[in-house]
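What follows is a single structure, written as structure tokens, with notes after it.
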């Protein structure tokens, strides 16, 4: 797929999902077949200018919205300035950094766990996989009765569809990044 096709594919999918439209609904709005719309979205078709105009007019958007690459902006986050989500003991602090979206099927968190603090997490829905990267200290992670020690500079991945537990076994704070990714 060449660059213009990739931009059109990305933009069409983003707009359709933002407007919560099915292919059937989009086809009715644009007078472009469902199969053609799907092929454009997955990059298997190079749409003509006429097809692009039909899509833009049907969606009520400027033509250039479909052909303009998304702007890349820098986004600097001072995540420690945000208000963390707290566990029951307040010794577990979860800082949301990147939220799930229709374009991004994962969430990213920074986590701080005080000494001897434990947190039980219920199973996540939606076919989730959890990855924990310890950057300071250590973390015991228990899933399905199996406990694994994760040291600084190590990462553990597991099926988050099961109850799991985090425990800081050390006398110092543990810091980690956590990614929860969802299969869609």
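With N as its number of residues, segment 79-182 has a Cα radius of gyration that, divided by 2.2 N^0.38 Å, comes to 1.01.
Panel order for 122, 114, by other beta carbons found within 10 Å of each beta carbon, from fewest to most: 122, 114.
Give me the log10 of I(q) over I(0) for segment 3-67 at q = 0.13, 0.20, 0.29 Å⁻¹, as the Debye formula computes it from C-alpha points; what are the numbers? One equal scatterer on each Cα of segment 3-67 leads to -0.26, -0.66, -1.63.
For segment 5-40 and segment 141-178, write down the distance between their C-alpha centroids in whole Å. If we compute the Cα centre of each part, the gap is 41 Å. Across every pair of non-identical alpha carbons in the chain, the mean reciprocal distance, once inverted, gives a Kirkwood radius of 19.3 Å. The order of the peptides 174-180, 104-110 by mean Cβ neighbours within 10 Å, most packed first, is 174-180, 104-110.
Arrange 49, 111 by Cβ neighbour counts within 10 Å, fewest through most, would you? Could you put the intermediate results ahead of the total?
Working: 49 9, 111 23.
Least crowded to most crowded, the residues run 49, 111.
Based on DSSP H segments of at least four residues, each scored -39500 (n - 2.57), the chain has a per-residue ellipticity at 222 nm of -7500 deg cm²/dmol.
In the chain, the longest principal axis of the Cα atoms and the axis of helix 3-18 are about 70 degrees apart.
Laboratory data are not the source of any read-out in this text; all were calculated from the coordinates shown. From a predicted model like this one, the values you see are computed outputs, not experimental measurements. Here the Cβ is made from the backbone with ideal geometry for all residues, glycine too, and neighbour counts use every protein chain on show.
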